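The values are calculated or read from the model by the stated rules, or taken from the named source; none is laboratory data. Computed from a prediction, not measured in an experiment: that's the story for all the values here. Here the Cβ is made from the backbone with ideal geometry for all residues, glycine too, and neighbour counts use every protein chain on show. Accessible surface areas use protein heavy atoms only, side chains included; no ligands, DNA or RNA. Shrake-Rupley method; radii C 1.70, N 1.55, O 1.52, S 1.80 Å.
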Amino acid sequence: CFDEEEDTLQGVQDGLIYGTVVQQPYLFGYEAVRVLSQIARGEDPKIPENKIIDVPVRKINKDNVKEFWSDLKKLRGK
């Protein structure tokens, strides 16, 4: 599967889905705000020479789904 929909995470937890790949959208947002705020303050945001700020995907499976889901709920304010 792909992404962190609640039904997908439940399926992983229940063993109906082997795993899912998530893009970490909150980290994308964090990095965007970090870079823009540093630019606004006249600081060097340390953008790599290739102009790519890598936000790695994560592999979620039965071994780490509970921890990931708990962290995701905190980020969502639930």
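On the protein heavy atoms, probe 1.4 angstrom, tell me the percent of accessible surface of the stretch 6-67 carried by carbon and sulfur.
After summing per-atom areas, the C and S share lands at 55 percent.
Counting lysine pairs in the chain that sit 8 or more residues apart in sequence, or on different chains, and whose Cα atoms lie under 30 Å apart gives 11. When +1 charges are put on Lys and Arg Cβ atoms and -1 charges on Asp and Glu Cβ atoms, the dipole computed for the chain relative to its Cα centre reaches about 240 debye. Annotation: per residue accessible area for the chain equals 75 Å², rounded to a whole number [probe 1.4 Å, protein chains only].
Each peptide in 41-47, 4-10 gets a packing score, the mean of other Cβ atoms within 10 Å over its residues, and the list from highest to lowest is 4-10, 41-47.
Over the chain, what number does the Rg to Rh ratio reach, with both radii from the alpha-carbon atoms and Rh per Kirkwood? A ratio of 1.11. Residue-wise HN-Hα couplings along the stretch 34-48, as the Karplus relation 6.51 cos²θ - 1.76 cosθ + 1.60 with θ = phi - 60° gives them from phi, are 4, 5, 5, 5, 5, 4, 4, 8, x, 8, 7, x, 6, 6, x Hz; Gly and Pro carry x.
Over the chain, what is the relative contact order in percent, taking alpha-carbon pairs closer than 8 angstrom and at least six residues apart? Taking the mean separation of contacting Cα pairs over the length of the chain, I get 37 percent.
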